[in-house]
Structures are given as C-alpha cells and as structure tokens.
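Asker: Below you'll find the structure I mean.
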Amino acid sequence: MADRLLIFYGSYRRDRMGIRLADYLVRRFRERGREVELIDAKAVGLPMLDRMYKEHPKGSAPANMEALAGKIRNADGFVFVTGEYNWGMQPGLKNLTDHFLEEWFWRPASIASYSAGRLAGARSNSAWHATLCEMGMVVCSATLTVGPIADTLDENGEATGKSGQALDGAFGKFADDLEWWIEAAKAQRARRKPPY
C-alpha cells in the first residue's frame, strides 16, 4: 500500500503564487508512487478558530472539519507549503492546523517555504518547525526554500530556469528524508502503540 501524504497549502490571496509549489510537490511525490492529496485551506474554509475539533461533541463538528480530521488521522505524513507574511506564518494555514491536535501525533512532517524574494520564506519555514514539533509531529530536517517563486515555477507548477533546476536538485533529498521517517514511524507504530 502506498504511503498517504497530505500536502497543506494556506494562502487566501487572490493572485497566490505558492499554489505552484504545492502543485509541483503533489506531482513529484505521485511520480515516486505516493498517494497524495492537496489540502487547500482556502477551499476547506474552516472558520477562524473558536472551537477545536476535539471540543465539539462527538458527531457534531462541521462536515468539512470532520472530513479533514479523518484525512489527517489516516495520513502517513504531511508536507506544509508556506509563504512568509511579515517574517511570519500565513494566517490561513496556521488557522487550519490549529483546529486539530491529537490527529497530528506520531507522524512526520516536512516544510516547503516560498516567497517573492530571494529569502524564499526561510523565516516562516523556521517558525513552522517549532510549531509542528509542539503539535506532536516529527519534523524532518530537510526542507525546501523556493524564491523568487515566479522565477522558479511557472503557472503549471513546472520548474523553470536555474532556480527551477536547483529545486529539482533539492527535491530528492527532501522526499527521501520524509519517506525515511514515514517508514520509521509506521514500523514503530506497528511495533508499539504510541504512549498517548
């Protein structure tokens, strides 16, 4: 059975560029034989956090929240595609992740960041690392930083120019790292039930 990956993307902007990176990652992981689904925070449409999924009485959570909780629980690993807003996280993606907690536990996650400039979302990438660890995920050390995104990926999420070549070159290590941790986590969960 193929590893199940969820790729999360969180921009709500009208002319969002990061979807190019999300589409690129979906395609590249599928080429490696993984079962991949893109979770677009804007399309899911969760409200600003008022009540976490676990705070709803069983069976009473909104349908979109219930469906996403099931997808998160059934995934083997996650990729978070994040832009950088004022040196920080995108609010849409952060809002989506905060609706859940235990659903994330004991699975690995990787971070791919981007920006319009040459720093490629590195500061948001770093901020996400601590947040995802706190949420119970094992965060892989290999990350992707893509910028300027318009010079790296075209409208179809295809790598272009020297920046695109660099992204293609970095993707293998990024994917290998996540896949290794997925395999390790699956083996450990089969061997011993998580402690909480």
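Asker: List every residue pair whose Cβ atoms sit under 6 Å apart, with the two residues 6 or more apart in sequence or on different chains, where the first one lies in the range 6-35 and is closer than 17 Å to Ser113 by Cα and the second, anywhere, is of a type in the set (D, E, K, R) and outside any helix (DSSP H, G or I).
Answerer: Correct list of pairs: Leu6/Glu37; Tyr9/Asp40.
Asker: Restrict the check to the range 70-85 and report whether at least one residue is modelled with pLDDT under 95 and under 15 Å from Ala112 (Cβ atoms).
Answerer: yes
Asker: Sticking with this structure for a sec: Any chance you could count how many residues in the range 86-108 are within 17 Å of Gly18 (Cβ to Cβ) and either of a type outside the set (Val, Ile, Thr) or part of a strand (DSSP E or B) (or both)? Step through it out loud before you land on a result.
Answerer: Initially, the range 86-108 is screened for residues within 17 Å of Gly18 (Cβ to Cβ), giving 86-97.
Checking which are either of a type outside the set (Val, Ile, Thr) or part of a strand (DSSP E or B) (or both) leaves us with 86-96.
The total comes to 11.
Asker: Which of the residues that make up the range 95-108 are touching a Cys at 6+ places or on another chain (Cβ under 8 Å) and without any contact (Cβ under 8 Å) to a residue 40 or more places away in the chain?
Answerer: Of everything in the range 95-108, nothing turns out to be touching a Cys at 6+ places or on another chain (Cβ under 8 Å) and without any contact (Cβ under 8 Å) to a residue 40 or more places away in the chain.
Asker: Restricting to the range 132-147, and then to whatever is surrounded by fewer than 16 Cβ atoms within 10 Å (Cβ to Cβ) and of a type outside the set (A, V, I, L, M, F, W, C), can you tell me which residue is farthest from Lys94 (Cα to Cα)?
Answerer: For the range 132-147, the residue satisfying everything is Ser141.
Asker: Looking at Ala150, Ala170, Ala184, which is the one that is of a type in the set (Gly, Ala, Ser), assigned to a helix (DSSP H, G or I) and in contact with a Lys or Arg (Cβ under 9 Å, 6 or more places away or on another chain)?
Answerer: Ala150
Asker: Right, next: Tally the residues that are in contact (Cβ under 8 Å) with a residue 60 or more places away in the chain and among the small types (Gly, Ala, Ser), restricting the search to the range 110-135.
Answerer: Going residue by residue through the range 110-135, those that are in contact (Cβ under 8 Å) with a residue 60 or more places away in the chain are 110, 112, 114, 116.
Next cut, among the small types (Gly, Ala, Ser) only: 110, 112, 116.
Going through the range 110-135 one residue at a time, the tally reaches 3.
The values are calculated or read from the model by the stated rules, or taken from the named source; none is laboratory data. As the structure is a computational prediction, the values presented were derived from the model and not from experiment. A quick note on method: Cβ atoms are made from the backbone with ideal geometry, for glycine too, and the neighbour counts reach across all protein chains shown.
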